[in-house]
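Every number in this text was worked out from the coordinates using simple rules, so none of it is lab data. If you're wondering where the values come from, they're calculated on a predicted model, not measured in any experiment. Please note: Cβ atoms are built from the backbone with ideal geometry, for glycine as well, and neighbour counts cover all protein chains shown.
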Amino acid sequence: MIDALLIPTIKILIVLNATLVAVSYMVLLERKVIAWAQSRLGPMRVGPYGILQPIADALKLMIKEDITPVRADKWVFTAAPIITMVPALIVYAVIPFGPEVSLFGRQVTLYITDINVGLLYIVSVASIGVYGLILAGYASNSKYPLLASLRASAQLISYEVAVTLTLVSVIMVAGSLSMVSIVRAQESQQVWFAFIQPVAFVIFFIGGLAETNRAPFDLPEAEQELTGGFHTEYSGMRFALFFLAEYANIIVVSSVATTLFLGGWLRPFPSWEWLSFLDIIPSWMWFLLKSFAFLYVFVWVRATFPRYRYDQLMRLGWKVLIPLAILNLVVTGIVKVLVGAS
Amino acid sequence: MFDTNELVINMGPQHPSTHGVLRVVLRLDGEKVVDADVVIGYLHRGIEKLSENRSWTQIILLTDRMDYVAAATNNVGYCETVEKLMSLEVPRRARYVRTILCELQRIASHCLWVGTHAMDIGAMTVFLYAFRERELILDLFEEFCGARLTYNSMRIGGLPLDIPPGWDKKVLEFCTIMSSKIDEYEELLTHNRIWLERTKGVGIIAGPEALALGLSGPPLRGSGVARDVRKDEPYAAYDEMAFDVPLGTAGDTYDRYLVRMEEFRQSLRIIRQATEGIPEGPIVGKVPRLIKPPAGETYHAIESPKGELGYFIVSDGKSTNPYRFRVRPPSFCNLQGLRRLVKGHLVADVVALIGSLDVVLGEVDR
């Protein structure tokens with residue numbers, strides 16, 4: 001009873017809350033890092049060094065007036081942020097933050113569940129999120145959001161193909177779809193998959209940027225072009241939901257990249273004995289550190305690059321990334337067969 | 001079975017990247033611009049008509065409000081026009097200081113341009129870097145005349161004040177700082193692949209066509225036409241300065257960008273020469289107490305950061321205000337090119353092209 005119900009419930013609560021806090025602090029991290037890149041200070045007013053800024057932001061968004069435009073499609077308009085938010089959160093169910101640890105004399109796994117099609121689950125659930133953007137643009141009954149939602153859907157479809165193809169090549173190396181088994185495979189093969197699948201790693205990262213609508217691929221919300229994109233007509237908490245979802249998705253992409261390519265919770269070079277002093281840092285901490293490195297790069301990229309144009313983005317997706325991903329997949333297959341044969 | 005419609009979309013007057021209150025009515029086919037209609041007039045204050053009821057000295061501070069990011073240049077243009085009308089001799093020292101101020105102003109204006117242009121294309125960091133350096137220029141202006149934006153920094157026949165002691169050293173210091181900062185902007189943009197893709201081949205306009213449209217300044221020079229008022233009809237102390245006029249070849253957004261980036265460097269070169277060679281002497285020429293130019297009309301143009309800024313002034317010789325006052329603002333004339341430039345491009349290019357023309361709405365509407 002306690003194992004079947006209570007522990008998963010506690011884990012879900014912890015992960016959900018931690019995610020929401022992480023998401024709001026991701027916003028602060030972004031603002032701070034970009035500020036430092038631009039030789040500014042960033043938020044400094046709320047709390048020491050602006051550390052309470054996310055709380056102030058959340059409060060402000062909650063007490064803000066929630067406007068539904070008169071000519072909007074009311075139900076779809078309401079449903080759209082929820083459709084975006086929910087998938088972004090439930091993806092966390094399969095992300096392994098660490099292996100089994102003993103806690104209060106009980107063996108506890110540091111993930112909510114480990115289903116045998118974990119990666120497939122992530123891909124399919126994450127792709128539901130885009131419907132929220134499309135519906136938001138459509139339901140707003142406004143021109144800028146409409147253009148933005150068209151961009152969003154085109155972008156997601158083209159980049160999902162490339163990203164999924166890179167996942168397939170990782171699956172071929174790992175021999176499993178389960179997130180935990182993929183980490184275990186990196187442990188047993190004694191190498192992070194980023195080193196044996198560098199092309200896949202790069203494509204996954206670029207595709208991840210595009211899928212989460214991040215700079216330089218932030219076309220659906222290009223403020224300078226579309227005045228805010230699909231969320232132009234949204235205000236208050238509904239607007240916040242879109243943003244929470246966006247940042248939650250960034251964290252998901254970072255976590256998945258960490259799990260697939262950077263050995264998840266493993267310490268660097270798990271086979272090197274002389275590095276074993278690194279074991280002092282607990283496994284989940286390694287996972288968080290690696291994910292944090294990814295998040296940092298996400299923010300860094302945003303501070304550095306201009307934005308791609310819509311047609312250039314499509315060209316990059318279909319003419320560069322997808323052929324590369326397919327080629328990578330084929331080469332992976334050939335090498336695997338050759339290695340298996342010898 | 002399916003019916004397609006053109007989407008008419010209203011960009012502005014409240015829009016993050018129309019640089020003020022410009023309104024562009026776009027007719028779109030998907031994201032492709034079929035036609036664009038530029039609507040102006042939201043910032044019209046009637047400066048030209050107003051000037052006909054102000055005394056000659058009062059107009060100087062009205063000219064501040066036209067191109068408000070390059071106010072000193074406007075002052076210089078106006079004062080020189082009146083001086084031409086009155087055949088006044090301006091002391092050499094004043095002409096040198098005018099040159100320094102004009103070029104500082106060009107750098108300040110180009111800082112604002114590179115920041116907002118890059119921001120429109122999505123590179124947000126350049127914006128803050130450029131504003132950081134613009135602040136240094138504003139500090140220099142503040143020290144010179146007390147104001148930071150609308151300077152009222154010229155008088156007919158010379159300058160209101162001599163430069164403060166030590167100011168020239170600070171200007172030279174600024175030149176040293178700035179020349180390394182220009183490299184910093186270029187590092188972020190010039191060879192950036194995304195920047196190249198976003199600006200190369202976008203909004204190509206050939207030299208003759210640019211001339212026909214009445215473009216001037218960097219948009220014209222980006223198309224390879226060697227026209228710079230500073231070289232062709234030197235004013236202030238430009239005839240004593242050595243500098244190059246950068247020219248583009250393709251006439252696209254990238255060339256206009258490169259031209260302005262090189263203008264940064266050339267401006268620094270002029271500032272260095274002028275500051276080091278600043279002559280001693282009076283700062284105001286022999287100006288009558290009551291300014292009342294003789295009857296007649298004149299047109300005088302200078303090279304403002306945006307292009308050719310011309311003043312056409314008619315004096316009736318009797319009253320203490322101009323009979324007719326008309327400005328040829330570079331932004332207004334350059335904006336003529338927008339409709340021609342955006343046709344066939346995408347929505348994202350529209351903002352890039354507005355940025356590449358570098359218009360200031362205060363000057364367009366006056």
**OP:** Would you grab the residues whose amide H sits under 5 Å from the one on residue B:23? Only those 5+ places off in sequence or on another chain, please, with H modelled 1.01 Å from N.
**Re:** B:39
Subject >> Selection from A:219, A:243, A:258 lying farthest towards where the dipole of region A:2-341 points positive, charges on Cβ >> reply: A:219
Original post:
What's the percent breakdown of Cα-Cα distances in region A:2-341 across 10 Å bins, shortest bin first?
Top reply: 5, 23, 33, 26, 11, 2, 0
Subject >> Neighbour-count order for A:318, A:265, fewest beta carbons within 10 angstrom listed first >> reply: A:318, A:265
Original post:
What number comes out for the charge environment of residue A:250, summing +1 per Lys or Arg and -1 per Asp or Glu over other residues with Cβ under 12 Å away?
Top reply: -2
Original post:
Dimensions of the protein assembly as shown along principal axes (Cα, Å, largest first)?
Top reply: 103, 67, 54
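Averaged across the residues of A:32-38, what count of C-beta atoms belonging to other chains lies within 10 Å of each residue's C-beta? Write out the running numbers ahead of the final one.
On the way: counts 0, 0, 3, 1, 0, 4, 8.
Per residue, the average neighbour count from other chains is 2.
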Original post:
Where does the charge balance sit around residue A:325 when Lys and Arg score +1, Asp and Glu -1, over other residues with C-beta under 13 Å from its C-beta?
Top reply: 0
Subject >> Neighbour-count ranking [beta-carbon atoms within 10 angstrom, fewest first] of A:65, B:6, B:31 >> reply: A:65, B:6, B:31
Subject >> Cβ charges +1 (Lys, Arg) and -1 (Asp, Glu), total dipole of the protein assembly as shown, debye >> reply: 720
Subject >> Test item: A:133-144 mean partner chain Cβ contacts at 10 Å >> reply: 1
Original post:
Which value, in debye to the nearest 20, gives the size of the charge dipole of region A:2-341 about its Cα centre, when Lys and Arg are +1 and Asp and Glu are -1 at the Cβ?
Top reply: 500
Subject >> chain A: angle of helix A:322-341 to the longest principal axis, Cα-based, in degrees nearest 10 >> reply: 10
Original post:
Arranged by the count of other C-beta atoms within 10 angstrom, fewest first, what order do B:175, B:102 take?
Top reply: B:175, B:102
Subject >> Among B:124, B:63, B:26 the positive-end extreme of the charge dipole of chain B (Cβ point charges) >> reply: B:63
Subject >> 0 to 90° range, to nearest 10: angle between helix B:124-145 axis and chain B longest Cα axis >> reply: 10
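Any idea what the dipole of chain B comes to, in debye rounded to 20, about its Cα centre with Lys/Arg Cβ at +1 and Asp/Glu Cβ at -1?
Using only the charged Cβ atoms, the result is roughly 960 debye.
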**OP:** Would you work out if region A:46-195 is rounded, prolate or oblate? Take a ≥ b ≥ c from the square roots of the eigenvalues of the alpha-carbon gyration tensor; rounded if a/c is under 1.5, else prolate when a/b is larger than b/c, oblate otherwise.
**Re:** oblate
**OP:** State whether region B:258-366 is rounded, prolate or oblate according to the following rule on the C-alpha gyration tensor (a ≥ b ≥ c being the square roots of its eigenvalues): a/c under 1.5 gives rounded; otherwise a/b larger than b/c gives prolate, and the remaining case gives oblate.
**Re:** oblate
Original post:
Against the longest alpha carbon principal axis of chain B, how many degrees, from 0 to 90 and to the nearest 10, is the axis of helix B:167-189 turned?
Top reply: 10
Original post:
Where does the charge balance sit around residue B:265 when Lys and Arg score +1, Asp and Glu -1, over other residues with C-beta under 14 Å from its C-beta?
Top reply: -3
Subject >> Three-way shape label, region A:1-130, alpha-carbon gyration tensor, a/c 1.5 >> reply: oblate
Original post:
For residue A:143, which lysines qualify as cross-link partners when the Cα separation must be under 18 Å and same-chain residues fewer than eight apart are set aside?
Top reply: A:74, B:32
Original post:
Bin by bin, in steps of 10 Å, what percent of the Cα pairs in chain B do you find, going until the bin that has the longest distance?
Top reply: 5, 25, 33, 24, 10, 3, 1, 0, 0
Original post:
In percent, how large is the relative contact order of chain B, given Cα pairs closer than 8 Å and 6 or more residues apart?
Top reply: 27
